[in-house]
Every structure is written in structure tokens, then in C-alpha cells.
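Since the structure comes first, as C-alpha cells, the remarks are kept for the end.
The values are calculated or read from the model by the stated rules, or taken from the named source; none is laboratory data. None of these values were measured; they are calculated from a predicted model. Because the Cβ atoms are built from the backbone with ideal geometry, glycine has one as well, and the counts that use them run over all protein chains shown.
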Amino acid sequence: MAKPLLAGNWKMHGTATSAAKLASQLADYTGEKPEIMVFPSFVSIPAVVAALSEHSEIAIGAQNISHHTEGAYTGEVSGQMLAGTGCSHVLVGHSERRTYNAENNELVAEKFAAAQASGLTPILCIGETLQQRQDRLQLQVIKAQIAAVIEKVGLQNVCNAIIAYEPVWAVGTGETATPEQAQQVHSFIRAELGEQGEDTQLLYGGSINADNAAALFAQPDIDGGLVGGASLEAEHFMNIAQQLIERK
């Protein structure tokens with residue numbers, strides 16, 4: 001059985017100072033907690049690493065990675081650079097990258113491979129648009145997104161990573177998939193991975209908050225959450241973390 005995991009994607013919010021303060025607040029919480037990860041902006045990573053230097057149980061990840069290892073790629077950040085700052089994880093294929101930066105399945109697969117080659121654990125983000133769901137194509141879309149990565153790195157390497165289902169129509173919109181909708185997709189993902197994916201952590205992402213977390217975490221194939229806006233306040237984030245522990 002996969003371990004419960006809660007990841008906070010801080011997106012493009014705050015400063016290095018505010019990110020370090022938030023990280024320190026999370027570290028100060030006592031009691032039983034799930035596995036926790038935080039994903040600050042590139043420029044805030046060193047400050048968060050310093051703030052959590054005595055709290056290694058909270059992992060630090062990056063929000064993006066270049067598929068190149070080095071070279072004349074102004075503005076890009078390689079996996080080796082991220083690992084060198086203290087990151088252990090990285091998001092790949094987030095819906096906002098797919099939407100605003102035209103990242104297709106093949107590029108996401110390249111980034112996934114680059115992350116693992118650098119010793120980072122990728123969180124593969126997958127999900128359908130509203131139109132695709134209305135056309136009942138969500139499972140076909142999910143299958144294609146996973147298949148592209150499997151073709152690039154192999155099934156076992158995908159199973160060794162983390163997968164986050166985040167329906168595009170529920171990211172930052174206030175809309176959330178129902179527990180039944182989320183479970184249907186998570187169950188499908190688990191089936192696609194087969195026996196090798198029994199311990200793969202599957203997260204739900206898409207406007208998770210303290211009001212809907214418990215019902216989502218009660219689903220058998222949802223091992224945790226990739227939290228956006230609700231991760232920007234320590235109290236709210238740890239409230240969700242407590243609900244995850246209670247449900248799992």
C-alpha cells in the first residue's frame with residue numbers, strides 16, 4: 001500500500017522571505033503527519049532549504065525542469081542544478097505548463113527522463129480539460145499521457161515516481177472533481193500500472209481544501225493530494241494533512 005503524501009505547490013506566490021517563513025511554520029507543527037513536500041519557486045528554493053535544514057522529513061521540490069542537461073538555454077534550469085540546491089523532487093507536466101507553455105506529452109516525457117537521470121523523483125501531473133471530460137474522453141487522455149512516459153522510460157521507472165491526477169478544469173478554478181470522479185480516474189491509473197504500481201503514490205490535485213479533503217482521501221486509490229492555494233497558509237495545509245492521516 002502506498003504511503004500517504006501531501007504536496008504543496010506554491011506556484012508564483014510570495015518571496016524568498018515569505019517562503020522560508022511558511023516552511024518554518026510547517027516544520028513547527030507537531031504530532032503525526034503524512035509525508036510532506038513543498039514546491040516553492042526557483043528563487044525561493046535556497047531559502048526554504050535553509051529554513052528546513054533541521055527538518056529533513058519535509059522534502060523540497062521544484063515546479064519545473066529543463067529536458068536539457070546543459071547548454072545555451074537561457075532561463076532554463078537543469079536537473080543537476082536543482083539537485084545541487086537540495087531538491088529531491090520536481091513537478092513535470094503540470095496543467096499550467098501544458099496549457100500556457102504548450103508542453104505536450106512527448107516533452108513531458110523528456111522532462112520526466114531528465115529528472116530521473118539527475119536523481120530527482122518526478123511527480124507526473126496528468127489530467128483532462130473540461131471539453132475532454134464533456135466528450136467523455138478523460139480516460140483516453142489519461143492513458144495517452146501515461147503511455148508517452150512509459151514509452152520513454154519504461155513502466156518500472158514510471159511506477160517508481162509519483163503520479164498526480166489534476167483535472168485541468170479543477171485547477172485554480174474552485175471546482176473540484178467529485179470523490180467518485182476522482183476515484184474512477186485513480187483506479188484507472190492503478191490498473192494501467194498493473195502489479196508494479198501497487199505502491200506507487202497517486203495524488204489528487206484540483207482545488208483541494210479543508211472542506212473537501214476528507215471525502216477525497218477516503219477513496220481507496222487516492223494516496224494524498226497536490227495542493228495549490230490551500231498550501232499557502234500553514235494552518236490550512238496542516239489541517240488537510242491531518243485529514244489525510246485520519247483517513248489513511
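Quick notes on this one:
- Test: residue 8 is modelled with pLDDT under 95 and within 25 Å of residue 216 (Cα to Cα): no
- Extreme residue, surrounded by the fewest Cβ atoms within 10 Å (Cβ to Cβ), among residues of segment 15-33 that are farther than 11 Å from residue 44 by Cβ and of a type in the set (Ser, Thr, Tyr): 30
- Residue 177 of a type in the set (A, V, I, L, M), under 20 Å from residue 7 (Cα atoms) and over 14 Å from the mean Cα position of the chain (by Cα): yes
- Just one residue in the set 109, 113, 102 is out of contact with any strand residue (DSSP E or B) (no Cβ under 7 Å at 6 or more places or on another chain) and loosely packed, with under 15 Cβ neighbours inside 10 Å; that residue is 102.
- Among the residues listed as 161, 144, 230, the single one being small (Gly, Ala, Ser), surrounded by fewer than 16 Cβ atoms within 10 Å (Cβ to Cβ) and either within 16 Å of the chain's Cα centre (by Cα) or within 18 Å of residue 94 (Cβ to Cβ) (or both): 144
- Residue check: residue 132 meets all listed conditions (1) over 20 Å from the mean Cα position of the chain (by Cα); (2) closer than 25 Å to residue 213 by Cα; (3) surrounded by fewer than 17 Cβ atoms within 10 Å (Cβ to Cβ) but one, namely (3).
- Residue 222 meets the conditions (1) over 18 Å from the mean Cα position of the chain (by Cα); (2) part of a loop (DSSP other than H, G, I, E, B); (3) buried (at least 16 other Cβ atoms within 10 Å of the Cβ) in every case but one. The failed one is (1).
- Among residues of segment 173-200 that are more than 18 Å from residue 216 (Cα to Cα), those with a Cβ under 6 angstrom from a residue that is in a loop (DSSP other than H, G, I, E, B), sequence gap 6+ or separate chain, pair up as 193/200; 199/2.
- Filtered residues of segment 34-75 (kept if surrounded by fewer than 18 Cβ atoms within 10 Å (Cβ to Cβ) and among the small types (Gly, Ala, Ser)): 50, 53, 56, 71, 72, 75
- Residue among 59, 72 that is in a strand (DSSP E or B) and of a type in the set (Gly, Ala, Ser): 59
- When the residues of segment 80-113 are filtered to those that are among the small types (Gly, Ala, Ser) and part of a helix (DSSP H, G or I), the one that is nearest to residue 151 (Cα to Cα) is 109.
- Residue in segment 91-105 that is among the aliphatic types (A, V, I, L, M), without any contact (Cβ under 8 Å) to a residue 24 or more places away in the chain and closer than 28 Å to residue 156 by Cβ present: no
- Count - residues of segment 203-219 that are more than 20 Å from residue 142 (Cα to Cα) and either touching a Leu at 6+ places or on another chain (Cβ under 6 Å) or assigned to a strand (DSSP E or B) (or both): 1
- Every test in (1) small (Gly, Ala, Ser); (2) free of Cβ contacts under 8 Å to residues at least 12 places away in the same chain; (3) closer than 17 Å to residue 91 by Cα is passed by residue 206 save one, and that test is (2).
- When restricted to residues that are buried (at least 21 other Cβ atoms within 10 Å of the Cβ), within 27 Å of residue 115 (Cα to Cα) and of a type in the set (A, V, I, L, M, F, W, C), segment 172-188 contains 2.
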